[in-house]
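I have placed the structure first, in the form of structure tokens, so that the comments after it can refer back to it.
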Amino acid sequence: MGRIPENTLRRLTHYLRCMQRLAEQGRDEIQSKDLAAYCKVSDSLVRRDLSYFGEFGKRGKGYSISILLPKIREIVGLDKERNIAVVGIGNIGRALLNYPFHRFNFKVVAGFDIKPELVGKEINGVPIYHIDEIGRVAKEKDISIAIVAVPEEAGDAVKEKIITAGIRGILSFVLLRGPFPKEVWVRYIELPSELEILSFYMEKGGVI
């Protein structure tokens, strides 16, 4: 298997959520055109995206959700539960502690901050630790992903602690300066950028 385009991976996670909802509704067999309509993409795009990973459907019958769903979970690394830490328990961090990540096979097992009034407490059943404890806690709780929701000026110091703790996945609301070890993967949630792109489409319709 060669390098998979990022847009394909994004759509794959979208198909995963769509099929989870269909499974909850009691659906099993589904044609690619019906899956495409449900996911609001084209039929050919669904078939092309899935073809990167093998043959899943049967001609005339389509896809079996009960077979395809666990295969896609395996492809995106969600055939096992992944433990998450939230770093920075401000407004965004608190909201994340209440988000139902468990529906997608993620589990928030720890929060980290420096505020004395937060350290040692629990929020929505999640214990809050001082950031200096992240190495010990990450090992004890097998944390593989950290979501960073700290002020921008604290981002780089927090990044170093996360990497030193052996956490390999970072999802950050603030820009973090590299370089990063090759085994560490970093993604960003850039709300201003997404709003600017949305504004462009609203204003120009995507055409200059």
Could you check TYR38 against (1) surrounded by 14 or more Cβ atoms within 10 Å (Cβ to Cβ); (2) hydroxyl-bearing (Ser, Thr, Tyr); (3) more than 22 Å from ASP79 (Cα to Cα); (4) out of contact with any Lys or Arg (no Cβ under 9 Å at 6 or more places or on another chain) and say which number it fails?
-> (4)
Screening GLY93, GLY77 for residues that are loosely packed, with under 12 Cβ neighbours inside 10 Å and within 20 Å of LYS141 (Cβ to Cβ) leaves only GLY77
Per-region count, region 103-122, residues touching a residue at least 12 places away in the same chain (Cβ under 8 Å) and either closer than 28 Å to GLU24 by Cβ or buried (at least 18 other Cβ atoms within 10 Å of the Cβ) (or both) | 12
Just one of VAL174, VAL148, VAL119 is among the β-branched types (Val, Ile, Thr) and modelled with pLDDT under 95; which is it?
-> VAL174
Name the one entry in ILE84, ILE134 that is under 30 Å from ILE67 (Cβ atoms) and hydrophobic (A, V, I, L, M, F, W, C).
-> ILE84
Of the numbered conditions (1) closer than 23 Å to LEU9 by Cα; (2) touching a residue at least 60 places away in the same chain (Cβ under 8 Å); (3) of a type in the set (Val, Ile, Thr), ILE67 fails exactly one; give the number of that condition.
-> (2)
Considering only region 97-116, state which residues are out of contact with any Leu (no Cβ under 8 Å at 6 or more places or on another chain), of a type in the set (A, V, I, L, M, F, W, C) and modelled with pLDDT of 95 or more.
-> LEU97, VAL109, ALA110, PHE112, ILE114
Any chance you could count how many residues in region 106-140 are over 19 Å from the mean Cα position of the chain (by Cα), over 15 Å from ASN91 (Cα atoms) and of a type in the set (Lys, Arg)?
-> 3
Looking only at region 136-159, which residues are surrounded by fewer than 15 Cβ atoms within 10 Å (Cβ to Cβ) and in contact with a Gly (Cβ under 8 Å, 6 or more places away or on another chain)?
-> LYS139, PRO151
Flagged in region 152-199 as assigned to a helix (DSSP H, G or I) and touching a residue at least 24 places away in the same chain (Cβ under 8 Å), in numbering order, are ALA154, VAL158, LYS161, ILE162, THR164
From the options VAL108, VAL46, VAL41, residue that is β-branched (Val, Ile, Thr) and within 25 Å of GLY166 (Cβ to Cβ) = VAL108
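The values are calculated or read from the model by the stated rules, or taken from the named source; none is laboratory data. Here the structure is a predicted model, which is why all the values come from computation and not from measurement. Glycine also receives a Cβ, built like all others from the backbone with ideal geometry; neighbour counts cover every protein chain displayed.
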